[in-house]
1. How do the pairs read when you match residues in the range 363-389 that are open to solvent by 10 Å² or more (accessible area, probe 1.4 Å) with residues anywhere that are among the acidic types (D, E) and modelled with pLDDT of 90 or more, using Cβ under 6 Å and keeping only pairs 6 or more apart or on different chains?
2. For the range 450-470, indicate whether the set of residues that are at pLDDT below 90, of a type in the set (D, E, K, R) and not in a helix (DSSP H, G or I) is non-empty.
3. Of the numbered conditions (1) among the β-branched types (V, I, T); (2) free of Cβ contacts under 8 Å to residues at least 24 places away in the same chain; (3) assigned to a helix (DSSP H, G or I), V311 fails exactly one; give the number of that condition.
4. So which residues in the range 169-197 are open to solvent by 10 Å² or more (accessible area, probe 1.4 Å), more than 19 Å from D329 (Cβ to Cβ) and modelled with pLDDT under 90?
5. All but one of (1) open to solvent by 40 Å² or more (accessible area, probe 1.4 Å); (2) in contact (Cβ under 8 Å) with a residue 24 or more places away in the chain; (3) more than 13 Å from L434 (Cβ to Cβ) hold for Q273, so report the exception by its number.
Amino acid sequence: MAEAERASNIFHLSVSEYRRHIKILNQKKAKYVHIYTDYTHAMQVFTMLASTSGIIFLLEGVSVKASLLKEISVLSWEAFLKEANKNDGMYLKLYYGDPYSLSICFVFDFYLGTDNSYQPSLEFEYLFKTVPVDFSAYRIETCGNGIMIVFSHTASLERNKWRNKLRKHIILFLPVIGYGDLVIMLPLFREYFLSHKDYSVTIYSADQKVNTMVKHFFPSLSIEAVSLDFLDYRNKPVPLHYKQLSLLVQCVEQISHSGIYKEVILLKLDDSQMHMQSAYETFARSMHVYPNNALKLFQYPIADMPILDEVLWLRKTKRFVIGMQYQSDTVDMKGNRMKDWSDKNAKQFLRMCKQEQIGVINLVPITGKELIWDANADKVKIWDLLGIIAALDFVVCIDSVCGHIAGLVGTNNLRIWSSQSYYNQPAIYAYRPLRLNYTIYTGTNLADIPPKLVFTRLKEILHGKIILQKERFAMQGVDANQYALNMEEYCIKNKNI
C-alpha cells in the first residue's frame, strides 16, 4: 500500500517511471489511484493509462476537455465526450480504466465558478443519455466530496459479481434534511426497516446528524449512514445547492435503473406536490409505508435525566408546565437567522406565563442572557427531547424541531410561522406538526407576531376553549378548506392585539 500511496502523489514523472509504478500497483491489486499531473504532461499519462487495466485512475489537475480525452476513448464514447465538453467552465473528475475489461467512471463533483445564477443548461441529463447503449451505471461509491458512479458493460462479469453481492442491499438518499424533517421520518424509518430487516441498508444524507440519530434509534439493525457533506446547504449559495441537488437526482435515477440493488429510494420533497400532501405523507409514499400505522406504533426510549425531575417539581408549584423554542440555527445566505421570534418577544411572553403560574422550560440551545427560565433543557441530546417534550403540557415554538417532536409524541403545540422564512408558500400547510397543532402565521417578519396573541391562544388551548386535532394532520384526501383548521393569520394592521 505504501507504493500505492507513492504513486498517488507523483508529479511530472516520465512515462517509463509511471509505468513502473503502475506495474507495482497491478501486483498489489489496488482499487483506484490518484494521479496528479498538468496539461503539459497529461497526454503522456493518458497514453500510459490506455494500455492499463485492472485499476481505476483519478486524474487530478486536468480539466476534462473532449479534445484531450478522445485520445484514450473508443469511438462509441465520442457523443458522451462531446456532451461533456458543452459544460463550459465545469470541472469534472474522470476515473479511467479499460472500458472493456473494467469500467468507466465519473464523479458527481464539480465547480461552477463564482457565478451564483442557476444555469439549467449545465444539467447532466443529456450527458447520461449519450452513454453508449451497451454501458450503464451499476454501482456507486463515495469518494472525497463526491459520489462516484461506475458504468460497465451490461453483461460484464464484474456487474454480475456486484449483483450477487448487492441483491439484498437497499440505498436511501436524503439530500437535504433538518432535525425537524428527520424527527417526523423516525416512525417511517422504523416501519420500513422492520419490513426489510433481512436486508442491509445504506443511507446517504447531507448531514452527519442522520448517522447519529439512526444509530441511536435503530442500534440493532444493519444500517450504515454515509454523510455527503457537499450537499450541505449551509454557507452555500442557494442556486449552487439546488444545482448539486438536481445532479444528485439524475445520478440516483441512473443507479436505480441498474437493477443491481434491491431498492433505491430518493427521499426528496417536490414543491409541486406540497399542495396535495404533507412532507410526512410524501416520505411515506416514497418508502411505501402506511403513515397512520407508522405513527401509531412508533416508540421512543426515555432516558433518566435530571430535567425530568425538574418537570415533576414544577408541577407541584405551577398550574402548567410548557416548553418553548423561540429561535433556531437556520440561517439565510447572509448568515442571518431565518426563524427568530426575538429575545424581546420571548421575554414578554415569559413574564405573562409567570403571572399566570405557568412554568416554562427552555428548549433552545442559545438564548438571550436576560431571559429567565424555570428550567433549562438546552444541553440535552436531540433524541432526549422526545422524552422531555412528552412530559410537558404544551410546547410553544417557531417552525422547527421541537414542534415536530411535540406532534410526534402527542403533546399539544402552538407554532408561530412566517412566510418570509421560506421559499415556497405550501410549507405553511405541508410542514405542520403531525398532530395537536395550532398555527399562527404572518406574511411579515416572524417577530411581528405579538406575545399577547400567542399567550391568549395558549391559555384558550390549555383551558379547553380551543380543541386541537388528535388525529394525524393530513392533506392527502382532505378538502382544501379543512387545511386551515386551528390556523390563523396575523396581519400587521392588527398590531393593537
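The values are calculated or read from the model by the stated rules, or taken from the named source; none is laboratory data. Being a predicted model, the structure only gives us computed values, none of them experimental. Neighbour counts are summed over all protein chains in view; Cβ atoms, including those assigned to glycine, are modelled from backbone coordinates with ideal geometry. When the accessible area is computed, the model is the full protein with side chains, heavy atoms only, and any ligands, DNA or RNA have been set aside. Shrake-Rupley method; radii C 1.70, N 1.55, O 1.52, S 1.80 Å.
1. Hits for this filter: G368/D343.
2. no
3. (2)
4. Answer for the range 169-197, where residues must be open to solvent by 10 Å² or more (accessible area, probe 1.4 Å), more than 19 Å from D329 (Cβ to Cβ) and modelled with pLDDT under 90: just K197.
5. So Q273 meets the others, but not (2).
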